[in-house]
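Worksheet: the structure to be examined is printed underneath.
The values are calculated or read from the model by the stated rules, or taken from the named source; none is laboratory data. Bear in mind that the values here come from a model prediction, so they are computed numbers and not experimental data. Here the Cβ positions follow ideal geometry from the backbone for every residue, glycine too, while neighbour counts run over all protein chains shown. Accessible surface areas use protein heavy atoms only, side chains included; no ligands, DNA or RNA. Shrake-Rupley method; radii C 1.70, N 1.55, O 1.52, S 1.80 Å.
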Amino acid sequence: MLDPPVRELLRHTRGLVLWLTGAGISAESGIPTFRGKEGYWRVGSQNYQPEEMATMRAFREMPDEIWAWYLYRRSVCRSAQPNAAHRALARAEQRAGDDFLLVTQNVDGLHVRAGNTLDRTYQIHGNIDFMRCSRECLEAPVSVPDAIDVRWEKGRPLGERERELLRCPSCGAAGRPHVLWFDESYDEPNFRFQSSIEAARLASLVIVVGTTGGTSLPMHIGTIAAQRGVPMLVVNPEPNPFSELVRRTGKGAFLPGTAGELVPLLVNALLSGEG
Ligand code: NAD
């Protein structure tokens, strides 16, 4: 159950609601978060943390291993299904139209598979089902070729066949996963950077679900909301930098709990104030 002040806030919200989601919203679909125990990856005799693997530096040093890691994670994402929280957000967009915007850090594609549209879903860290040219010669990302196995077990190495399939279809240079790596910067064409900032400047309410706030754009969105005095609701089993912002501004609330349990309640309360 939501506390009465939170229900009231949602019922009386008018204008743009910006939802910001992270790996936590997909945890109940069985996709591990980066902070979970299964985060590391083994190459040879060494264990790597995601922060080391998800970098251009690692891709330059060991492209085959990085692709194998992404193909394994793609396989995990493909076998997962959207959960109650994803489905509730699809319903929220259907009803709210342009008053709805979703900024997601997730690369798993589950929001779009649940029914959210690409127009109102900014995948600010990319999508694991896509790749782009490592020399950036393509105007837009392309799908990882269908001929690549969707089932990719942990530890399976990349073969010559996959190496060829993962080349840029235009210039033949190495293709790379269409994700934003930790040692790279946001931009508008690939990651909707300016559009996300603009949305944070316009939103009437920001709802943050399942993220640690370890990356810069999401924290920037939270800070803009806090500076504007816009209320923020934070859904997470644990306190995080966003709940700290709420504590400081006194605007909004930290809602300790899981996405699957709380997001459908939030969407229902928002929609009950329609019209
Ligand atoms: P994170 O792994 O750093 O943090 C996950 C957060 O989710 C934590 O704060 C945790 O307390 C919370 N959480 C765990 N279970 C939850 C639940 N059931 N309901 C709500 N919250 C829950 O994830 P992040 O902040 O998104 O950042 C990590 C980076 O990793 C991002 O750049 C993202 O692109 C990438 N990533 C994506 C996926 C995915 O696409 N599903 C998975 C892992 C990592």
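Some observations on this one:
- Only one of 60, 87, 91, 74 that is within 15 Å of the ligand (Cβ to nearest atom) and either free of Cβ contacts under 8 Å to residues at least 40 places away in the same chain or in the same structural domain as residue 240 (by TED's automatic domain parsing) (or both): 87
- Among the residues of region 237-275, those identified as of a type in the set (Ser, Thr, Tyr) and either surrounded by 14 or more Cβ atoms within 10 Å (Cβ to Cβ) or at pLDDT 95 or above (or both) are 243, 249, 258.
- Residue match in region 69-81 (condition: over 19 Å from residue 186 (Cβ atoms), over 16 Å from the mean Cα position of the chain (by Cα), buried (at least 19 other Cβ atoms within 10 Å of the Cβ) and not polar (S, T, N, Q)): yes
- Remark: pairs (first residue in region 104-122, over 18 Å from residue 179 (Cα atoms); second residue away from the ligand (no atom under 13 Å from the Cβ) and open to solvent by 30 Å² or more (accessible area, probe 1.4 Å); Cβ separation under 7 Å; 6+ apart in sequence or on different chains) = 114/87.
- Qualifying residue in region 26-43 (condition: within 15 Å of the ligand (Cβ to nearest atom), in contact with a Lys or Arg (Cβ under 7 Å, 6 or more places away or on another chain) and either in the same structural domain as residue 116 (by TED's automatic domain parsing) or outside any strand (DSSP E or B) (or both)): no
- When the residues of region 162-180 are filtered to those that are outside any loop (DSSP other than H, G, I, E, B) and of a type in the set (A, V, I, L, M), the one that is surrounded by the most Cβ atoms within 10 Å (Cβ to Cβ) is 179.
- Residue count for region 181-236, restricted to those that are among the β-branched types (Val, Ile, Thr), open to solvent by less than 20 Å² (accessible area, probe 1.4 Å) and assigned to a loop (DSSP other than H, G, I, E, B): 2
- Pairs meeting the criteria (first residue in region 150-170 and under 18 Å from residue 137 (Cα atoms), second residue among the charged types (D, E, K, R) and assigned to a loop (DSSP other than H, G, I, E, B), beta carbons under 9 Å, at least 6 apart or on different chains) are 168/135.
- Test set (1) buried (at least 16 other Cβ atoms within 10 Å of the Cβ); (2) over 23 Å from residue 118 (Cα atoms) - residue 52 fails condition number: (1)
- Odd one out for residue 138, checked against (1) open to solvent by 10 Å² or more (accessible area, probe 1.4 Å); (2) farther than 18 Å from residue 181 by Cβ: (2)
- Boolean, residue 14 is part of a helix (DSSP H, G or I) and among the basic types (Lys, Arg): no
- When 129, 119 are checked against the criterion of being open to solvent by 10 Å² or more (accessible area, probe 1.4 Å), over 20 Å from residue 259 (Cα atoms), part of a helix (DSSP H, G or I) and of a type in the set (D, E, K, R), 119 stands alone in meeting it.
- Selection from region 61-83 of residues that are polar (S, T, N, Q) and under 17 Å from residue 149 (Cβ atoms): 75, 79
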